[in-house]
Amino acid sequence: MIENSRNLKNTNNDNGKSTDGQKTGKGTLGEALARNALDDIPQPKSDAKEIVGLVKSSGRITGYQLSDGSTVSKQEGVSLAKDGEIKGVGIAHRKDTEYLKSLPDGTEDNNLGNLPSISG
C-alpha cells in the first residue's frame with residue numbers, strides 16, 4: 001500500500017526531537033552510537049564538578065577548567081572522571097592516549113568543543 005506523501009506530517013525538527021518535545025528514533029540512535037564509541041562512562045558522585053571550559057595551547061586541548069574554578073590537565077581530568085569527580089563525560093582513547101568526551105544528551109550547547117577556551 002502506497003501512502004500519499006502530502007498526507008504525511010513531518011513532526012521532527014533538526015535536533016532529532018519531535019515537535020512535541022519527545023525524542024525520535026534519530027536522536028536516540030545517534031546518542032546510542034556516540035555512547036558506544038566511549039571506552040568507559042564513569043558514574044559521577046553527587047558532588048561531581050562539571051567542565052566549564054577548555055585549556056588550550058597552540059590550539060590543542062591541554063586541560064579542563066572545572067565548575068569550582070580549578071584547572072586540571074587532560075590526564076588529571078581523565079583520572080578525576082574515572083573516580084566520579086567530573087560529571088557529563090565519558091572516557092575515550094586515541095592510540096595510547098585517553099581523553100574526555102561529552103556524554104550525548106540531545107543538546108550541543110554543553111559539548112566540550114562548544115565550551116569557552118582559556119589559554120594555558
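Out of curiosity, is Ala92 modelled with pLDDT of 80 or more and under 17 Å from Leu112 (Cβ atoms)?
Numbers: modelled with pLDDT of 80 or more: yes; under 17 Å from Leu112 (Cβ atoms): yes.
Against the criterion (modelled with pLDDT of 80 or more and under 17 Å from Leu112 (Cβ atoms)), Ala92 qualifies.
Does Thr11 satisfy the criteria of being modelled with pLDDT under 90, surrounded by 13 or more Cβ atoms within 10 Å (Cβ to Cβ) and more than 18 Å from Glu98 (Cα to Cα)? Break it down into steps so the answer makes sense when it comes.
Values: modelled with pLDDT under 90: yes; surrounded by 13 or more Cβ atoms within 10 Å (Cβ to Cβ): no; more than 18 Å from Glu98 (Cα to Cα): yes.
In short, no.
Does Ser79 qualify as being over 24 Å from Gly106 (Cα atoms) and under 18 Å from the mean Cα position of the chain (by Cα)?
Numbers: over 24 Å from Gly106 (Cα atoms): yes; under 18 Å from the mean Cα position of the chain (by Cα): yes.
Criteria met by Ser79.
Go through the range 92-114 and give me each residue that's hydroxyl-bearing (Ser, Thr, Tyr) and either over 9 Å from the mean Cα position of the chain (by Cα) or under 15 Å from Ile51 (Cα atoms) (or both).
So in the range 92-114, the residues hydroxyl-bearing (Ser, Thr, Tyr) come out as 97, 99, 102, 107.
Result: Thr97, Tyr99, Ser102.
Run Gly84 past the list (1) over 13 Å from the mean Cα position of the chain (by Cα); (2) of a type outside the set (A, V, I, L, M, F, W, C); (3) modelled with pLDDT under 90 and report the number of the one that doesn't hold.
Of everything listed in (1) over 13 Å from the mean Cα position of the chain (by Cα); (2) of a type outside the set (A, V, I, L, M, F, W, C); (3) modelled with pLDDT under 90, Gly84 misses just condition (3).
I need every pair where a residue in the range 31-59 that is of a type in the set (Lys, Arg) has its Cβ under 9 Å from the Cβ of a residue that is surrounded by 10 or more Cβ atoms within 10 Å (Cβ to Cβ) and in a strand (DSSP E or B), sequence separation at least 6 or different chains.
Pairs that qualify, where the first residue is of a type in the set (Lys, Arg) and the partner is surrounded by 10 or more Cβ atoms within 10 Å (Cβ to Cβ) and in a strand (DSSP E or B), are Arg35/Gly90; Lys49/Leu66; Lys49/Ile86; Lys56/Thr62; Lys56/Gly63; Lys56/Ser117; Lys56/Ile118.
The values are calculated or read from the model by the stated rules, or taken from the named source; none is laboratory data. What you see is a predicted model, and the numbers here were worked out from it, not measured in a lab. Note: ideal-geometry Cβ built from the backbone for every residue, glycine included; neighbour counts use all protein chains shown.
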